[in-house]
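Please read the structure below before turning to the comments.
All of the numbers you see were taken from the coordinates with simple rules; none came from a lab. Computed from a predicted model, the values in this text were never measured in an experiment. Reconstructed Cβ throughout: ideal geometry from the backbone, glycine too, with neighbour counts over all protein chains shown.
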Amino acid sequence: MKSKLSFSVMFFSIGLLLILFSPAARAGERTRQERPVPMGVSGGNVNNRQLFRGCCSGTLGAVLTTANGLAILSNNHIFGRYFDGSIGEDISQVGIADIGCRTVPADFIAQVSAVVPVDFGGGENVIDAAIAATSPDLVRDDGFILNIGIPSSSVVEPAIGMGVKKSGRTTGLTFGTIAAIGVTVNVQAAQPCGVVDGIARFVNQIRISPGSFLAGGDSGALMVEDADECPRVVGLVFAGSIAAGIANPITPVLEAFGAQLVGCPAGATRQLPIGEFTRNHPKVAAVLEVQKKYRSLIDIPEVIGTGVGLSKDGQPVLEVYLENNRMDLEEFFPKTLDGIAIALVETGPFEMF
């Protein structure tokens, strides 16, 4: 039964969202590195290939300390072969996508040691993450990231409007702005190296603009605040589009592995002011409550996600992400829900490519 939610709303277009590790992307200077290797460079599972479809690689994101020693952080779909890998598989630097899908034992620098499963059966996911055990003779034990330097060992909560940066395999060092937090989104799995075919729902994600912030092959990159020295860590990049990026918040990533970031000692740099609108800001919290109350919005066929962004006058609004900018959809959405403004954002389908 069609329910009518009448109104007129703002439309934004941010393009098609994709899981970011494309075999066609170019790595440039970020291919093979001298040992011990920095982060922010090409890497991935040496078995991440499919017959007649090619091979895939991504970005080595960060160095962590775990109960078992040093580990490299990236995405499950990078280290875990798109959710089809096994513990103990080798991770190489350079990634095989950058050397014609060849396997070179001298490139092996780590072994997959833990992954967080991704639920494609209707459950909610928070992170797409995996780690691989390594040693200081193979990986820099100070956490150095190419073109960023040594990140902080401390984290900072994402805030709407916060300036961020990342260093990735394909686009290198790029800068962006957090456009939305508390993002819930349906992401489809469909790409050359994977065997999973389905939709995974991710919650409490971060949306970043502009689209040039990242591209295919940047998945697994660490996202930090835009500070010149010892930047605090914000998130882990895992998906994007021609006009936006998506990252997991870093805190649940670290908690999943019982790990700590390797980097500058906490408090070693001045505490930079962060954006006003974090999850705890009263106005953001009010939008999050409405998002929770109307969580069934995402079950409307045209809707693929929701999040907390800013209106044109800089106030928190509930964003509703649509596959297509169809003006007739205005008839089905109110311009407010429980007093909270609604903004329709055209994204195209979110895909793992």
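Relative contact order (percent) for region 122-224, with alpha-carbon contacts under 8 angstrom and 6 or more residues of separation?
Details: 162 pairs, mean separation 31.8, N = 103.
This gives 31 percent for region 122-224.
Against the globular-protein guess of 2.2 N^0.38 Å, express the Cα radius of gyration of region 191-265 as a ratio, rounded to two decimals.
Expressed relative to 2.2 N^0.38 Å, the Cα Rg reads 1.22.
Take the Cβ-Cβ distance between Ala67 and Arg35 as r, set R0 to 25 Å, and report the resulting FRET efficiency rounded to the nearest 0.05.
About 0.50, to the nearest 0.05.
D for region 200-353, whole µm²/s, Stokes-Einstein with Kirkwood Rh over alpha-carbon pairs at 10 °C and 1.306 mPa s: what number?
On the way: Rh = 17.3 Å.
Translational D for this selection: 92 µm²/s.
Which is farthest toward the positive dipole end of region 83-154 among Pro117, Ala106, Ser135, measuring Cα position about the Cα centre, with Cβ charges +1 (Lys, Arg) and -1 (Asp, Glu)?
In region 83-154, that residue is Ala106.
For Thr177, put the label point 7 Å out on the Cα→Cβ axis and report which residues of region 304-326 keep their amide N under 20 Å from it.
What the label zone holds, given the 20 Å backbone N cut-off, is 307-321.
Using the beta-carbon distance between Asp338 and Ala106 and R0 = 56 Å, what value does 1/(1 + (r/R0)^6) give for FRET efficiency, to the nearest 0.05?
That pair, Asp338 with Ala106, gives E of 0.40.
Non-local amide H neighbours of Leu173 (under 5 Å, H modeled in plane, Pro and chain starts lacking H): which ones?
Gly168
Rounded to the nearest angstrom and ordered from largest down, what semi-axes does the equivalent ellipsoid of region 214-258 get from its C-alpha gyration tensor (root of 5λ)?
After diagonalising the Cα gyration tensor, the semi-axes are 19, 15, 8 Å.
Roughly how big is the chain's charge dipole about its Cα centre, with Cβ charges of +1 (Lys, Arg) and -1 (Asp, Glu), in debye to the nearest 20?
Values: 26 positive and 34 negative charges, 34 e Å.
Result for the chain is approximately 160 debye, rounded to the nearest 20.
Arrange the following residues from fewest to most other Cβ atoms within 10 Å of their Cβ: Val94, Val203, Val104.
Fewest-to-most ranking of Val94, Val203, Val104: Val104, Val203, Val94.
Looking at the P(r) of the chain, how many percent of alpha-carbon pairs lie beyond 30 Å?
Of the Cα pairs, 32 percent sit more than 30 Å apart.
What percentages make up the Cα-Cα pair-distance distribution of region 170-220 when the bins are 10 Å wide from 0?
21, 43, 35, 2
Please turn the phi angles of region 200-216 into ³J(HN,Hα) values with the Karplus equation 6.51 cos²θ - 1.76 cosθ + 1.60 (θ = phi - 60°), one per residue in order, whole Hz, x for glycine and proline.
Running phi through 6.51 cos²θ - 1.76 cosθ + 1.60 with θ = phi - 60° gives 10, 9, 10, 10, 6, 9, 10, 9, 10, 10, x, x, 6, 4, 7, 8, x Hz.
Give the total of Lys-Lys pairs in the chain with Cα-Cα distances below 25 Å; include a pair only if its members are 8 or more places apart or on different chains.
Final tally of qualifying lysine pairs is 16.
Quick check on the exposure proxy: order Ile298, Ile131 from fewest to most C-beta atoms within 10 angstrom.
Fewest-to-most Cβ neighbours within 10 Å comes out as Ile298, Ile131.
May I ask you to list the residues of region 274-302 whose amide nitrogen lies under 19 Å from a point 7 Å from Cα along the Cα→beta-carbon direction of Gln315?
Under cut-off, by backbone N: 276-291.
For the chain, find the longest principal axis of its Cα atoms and tell me its angle to the long axis of helix 282-293, 0 to 90°, nearest 10.
With both axes taken from Cα atoms, the answer is about 80 degrees.
Based only on the alpha carbon positions, what is the Kirkwood hydrodynamic radius of region 127-217, in angstrom?
15.8 Å
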